[in-house]
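Here the structure comes first, spelled out in structure tokens, and everything after it is commentary.
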Amino acid sequence: MSVSFEPDHAASWYAATANPAPERPALAGEVSCDVCVVGAGFTGISAALHLAERGFSVVVLEAVRVGYGASGRNGGQIVNSYSRDMDVIEEKYGADTARALGDMAFEGNRIIRERVERYAIDCDLRDGNLFAACNASQMRGLREHQALWERYGYRELELLDGEAVKREVDSERYTGALVDHGGGHLHPLNLVLGQAAAVESLGGRIYEYSPVTGVAHGEPVVVRTAGGRVRADRVVMAGNAYLKGVLPEIEGKSMPCGTQIITTEPLDEARARALIPNGLAVEDCNYLLDYYRLTRDNRLLYGGGVNYGGSDPADIESVIRPKMLTTFPSLDDVKVDYAWSGTFLMTLNRLPQFGVVNGNVYYAQGYSGHGVTCTHLAGRLIAEVMTGREERFDAFAGLPHLPFPGGRLLRVPLSAIGAWYYQTRDRLGI
Ligand SMILES: Cc1cc2nc3c(=O)[nH]c(=O)nc-3n(C[C@H](O)[C@H](O)[C@H](O)COP(=O)(O)OP(=O)(O)OC[C@H]3O[C@@H](n4cnc5c(N)ncnc54)[C@H](O)[C@@H]3O)c2cc1C
């Protein structure tokens, strides 16, 4: 295995404000369990928790720290549904598939809220997120979006015109918006840490600093690390974009993508409230979108950009700060305290990849930039399929996935060309 992991969390505002958590030991020697989970992000920890709640003995192996990957670094935006919505699913894969996925499109959000409540997780959970339109074409898209979600029974949406959106976001960029009162935002690292503690409270074992180097298929499956091995009846692969070279069967039809976030110094209360008076999380509708929100200590946490292939820009602040100033020119004098990068996993059709290899190695990955809610759903569906309820997991597992055009060598430049095309359309408002 050739991946190099950093020794600890990225130097993010999240890591700086994480709730106290134990440092878990690396795996040493051999252990056995019902289910071994590889990767302690939302997917892995959600699966481990659903399984532990159902009485399975669970071992989680994490290469670095719980929440080290995208789950501990993301925008924290609780966005409902999937990266591609039910209209696209209907068109490409038919009404039955769209109905099956549509029935689950708001469930991940509910799971998060249940977890926060049941396990008293302190993670700054706040209600409401807003999709901002930068032109008339995007506004038409938002109207259709509202109609679509309402067709699937979701009634928490409110359309805002150009005047109304200014009451939510103090920016000249937007022609309107769609508010999802049922969405929201939170401190993602604290959410995953809280759920990891819940796994352990139910008897689950979590090993940190334990990168998995190989999986030997069989019954049991043997999962190897440098210091030990786990013999498990079943395995959940939840390494997402950070899993490289461990299970080639699931790594060919996706592409790691980097995206960056900065966080300002704390603003005084009045200045922060003037930017986003009702504290909503915001993402715009551009192909390469900007996403931002206020933190509990009145910083602006602002993300954007995509680097296909997952490489980091040399100077993150110089890439993201101009985006922030385009939205909020008044922040010109404000210092940036934190800047970091994270990697998510993109699929060609932007829908997640679920499946099983060799009958007992399950996986869920590739949420394509919107994974806070779907990862939580994935954990439940993995637990369901392991307890004999297959149909909901299979609705995802049945989605066809193709490799990116150009293969490993050309997929990055070809995707960049595609993104340039869509970015130009966004700029032209078409
Ligand atoms: C900067 C950024 C901002 C984002 N913002 C949002 C947002 O606001 N809203 C939203 O919905 N989505 C957002 N996303 C996407 C979302 O964060 C991801 O879809 C989601 O967190 C994926 O969770 P995961 O558990 O599948 O993967 P990850 O969180 O990446 O976890 C994978 C874990 O597996 C571990 N691992 C990998 N390989 C091995 C191995 N060999 N052995 C042991 N462990 C291993 C890694 O160390 C890591 O901890 C964002 C992503 C990024 C990067």
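The values are calculated or read from the model by the stated rules, or taken from the named source; none is laboratory data. Remember, it's a predicted structure, so these values are computed and weren't measured experimentally. All Cβ positions, glycine included, derive from the backbone under ideal geometry; neighbour counts span all protein chains shown. Ligands, DNA and RNA are excluded from the accessible area calculation, which covers all protein heavy atoms including side chains. Shrake-Rupley method; radii C 1.70, N 1.55, O 1.52, S 1.80 Å.
What the table shows:
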read-out	value
Residue count, the range 251-279 (criterion: touching a residue at least 12 places away in the same chain (Cβ under 8 Å), open to solvent by 10 Å² or more (accessible area, probe 1.4 Å) and within 13 Å of the ligand (Cβ to nearest atom))	2
Among (1) within 14 Å of the ligand (Cβ to nearest atom); (2) under 15 Å from Asn240 (Cα atoms); (3) in contact with a helix residue (DSSP H, G or I) (Cβ under 8 Å, 6 or more places away or on another chain), the one test that Ser368 misses	(3)
Residues of the range 61-96 classified as over 24 Å from Val199 (Cβ atoms) and either in contact with a Gly (Cβ under 7 Å, 6 or more places away or on another chain) or open to solvent by less than 10 Å² (accessible area, probe 1.4 Å) (or both), total	7
Where Tyr119 falls short, out of the listed (1) within 25 Å of Pro7 (Cβ to Cβ); (2) among the aromatic types (Phe, Trp, Tyr); (3) surrounded by fewer than 24 Cβ atoms within 10 Å (Cβ to Cβ)	(1)
Yes/no for Asp122 being part of a loop (DSSP other than H, G, I, E, B) and closer than 25 Å to Ile206 by Cα	yes
Scan of the range 46-88 for residues that are within 6 Å of the ligand (Cβ to nearest atom) and of a type in the set (Phe, Trp, Tyr), ordered by number	Tyr68
All positions within the range 225-246 that are more than 9 Å from the ligand (Cβ to nearest atom) and either open to solvent by less than 30 Å² (accessible area, probe 1.4 Å) or in a loop (DSSP other than H, G, I, E, B) (or both)	Ala226, Gly227, Gly228, Val230, Ala232, Val235, Val236
Residue, nearest to the ligand (Cβ to nearest atom), within the range 320-363, restricted to residues that are touching a residue at least 40 places away in the same chain (Cβ under 8 Å) and of a type in the set (D, E, K, R)	Arg350
